[in-house]
Amino acid sequence: MSAIRLLVLGAVRQHGRAHGYQVRNDLEYWGAHEWSNAKPGSIYHALKQMAKQGLLLAHEIAPSTAGGPPRMEYEITDKGTEEYLRLVREALTSYDQKPDVLASALGFIADLEREEALKLLRDRVLAIQEWRKSVTDYYTPEDGPGQLGHIGEIMNLWVHSADVGEEWTRGLIERIEGGAYTFAGEGEPFRGVHAVLAEGESNPYATGERHPGDDR
């Protein structure tokens, strides 16, 4: 799974309707350009591709000027919402997802209902345990990595990563069970770190100047 697909769908959904520069601005504000492949070219490409796939609806809101492309705004469709939620659910339950995909899903986890989020995270714990067992079928942590030579360090890394991943997931489950965060159907959503920037609002984390074509 590519993080850019999830990030762009989620950003457009939070706005209701958004043009390319707004989506780019939001993702840079969230720091996604540092921990994912959410670079400007990838964002604009994803918007156009998902519009072709029926996941987004493209609205031409301003004609072409000086030979440039028309200004477009994008709106998520019902099909796009289904795909967005599918991606969030898959990223939360699959242990083998890349870190940027998991981070993207965590940014949108509150779009789910609390009980569903808890179920998905419990499923994630089970997936981690199963994956860890597949490693320890060949490697016994108690005997140390030396039993397999330096290659044992690879399996040692995998086991430690699984242990840390399970510990972190269980901690998140406990916090959510304890009432942390505002989930779907519980009131106004949190708009802190994953804030939606208003039209024209300054972005302190922007990577560069705005240039012609950014509104595509």
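Within the range 95-106, does at least one residue satisfy the condition of being in contact (Cβ under 8 Å) with a residue 12 or more places away in the chain, in contact with a Leu (Cβ under 6 Å, 6 or more places away or on another chain), closer than 13 Å to residue 9 by Cα and not in a loop (DSSP other than H, G, I, E, B)?
Yes, some residue in the range 95-106 is in contact (Cβ under 8 Å) with a residue 12 or more places away in the chain, in contact with a Leu (Cβ under 6 Å, 6 or more places away or on another chain), closer than 13 Å to residue 9 by Cα and not in a loop (DSSP other than H, G, I, E, B).
Could you tell me whether residue 73 is free of Cβ contacts under 8 Å to residues at least 24 places away in the same chain and not in a loop (DSSP other than H, G, I, E, B)?
Criteria not met by residue 73.
Among the listed residues 95, 21, which satisfies the condition of being crowded, with 19+ Cβ neighbours inside 10 Å and more than 29 Å from residue 124 (Cα to Cα)? Step through it out loud before you land on a result.
Values: 95 fails: more than 29 Å from residue 124 (Cα to Cα).
From the options 95, 21, the qualifying one is 21.
Determine if the range 93-101 includes at least one residue that is on the phi < 0 side of the Ramachandran plot and small (Gly, Ala, Ser). So that I can check it myself, show each step before the final result.
Going through the range 93-101, the residues on the phi < 0 side of the Ramachandran plot turn out to be 93-101.
If we keep only those that are small (Gly, Ala, Ser) too, we end up with 94.
Within the range 93-101, one or more residues are on the phi < 0 side of the Ramachandran plot and small (Gly, Ala, Ser).
Select from the range 94-126 the residues that are closer than 14 Å to residue 162 by Cβ and modelled with pLDDT of 95 or more and write down the one among them that is nearest to the chain's Cα centre (by Cα).
In this case the residue turns out to be 124.
Which condition breaks for residue 153 when tested against (1) surrounded by 14 or more Cβ atoms within 10 Å (Cβ to Cβ); (2) in contact with a helix residue (DSSP H, G or I) (Cβ under 7 Å, 6 or more places away or on another chain); (3) part of a helix (DSSP H, G or I)?
Only one criterion is unmet by residue 153, namely (1).
Based on what the data block shows, is residue 138 in contact (Cβ under 8 Å) with a residue 24 or more places away in the chain, of a type in the set (Phe, Trp, Tyr) and either farther than 26 Å from residue 24 by Cβ or crowded, with 18+ Cβ neighbours inside 10 Å (or both)?
Numbers: in contact (Cβ under 8 Å) with a residue 24 or more places away in the chain: no; of a type in the set (Phe, Trp, Tyr): yes; either farther than 26 Å from residue 24 by Cβ or crowded, with 18+ Cβ neighbours inside 10 Å (or both): yes.
So residue 138 fails the test.
Residue check: is residue 120 part of a helix (DSSP H, G or I) and free of Cβ contacts under 8 Å to residues at least 12 places away in the same chain?
So residue 120 does not fit the description; no.
Could you check the range 116-155 and list, in sequence order, the residues that are charged (D, E, K, R) and either in contact with a Leu (Cβ under 7 Å, 6 or more places away or on another chain) or within 30 Å of residue 183 (Cα to Cα) (or both)?
Matches in the range 116-155: 116, 119, 122, 123, 124, 130.
The values are calculated or read from the model by the stated rules, or taken from the named source; none is laboratory data. Fair warning: this is a prediction, and the values are worked out from it, not measured in the lab. A quick note on method: Cβ atoms are made from the backbone with ideal geometry, for glycine too, and the neighbour counts reach across all protein chains shown.
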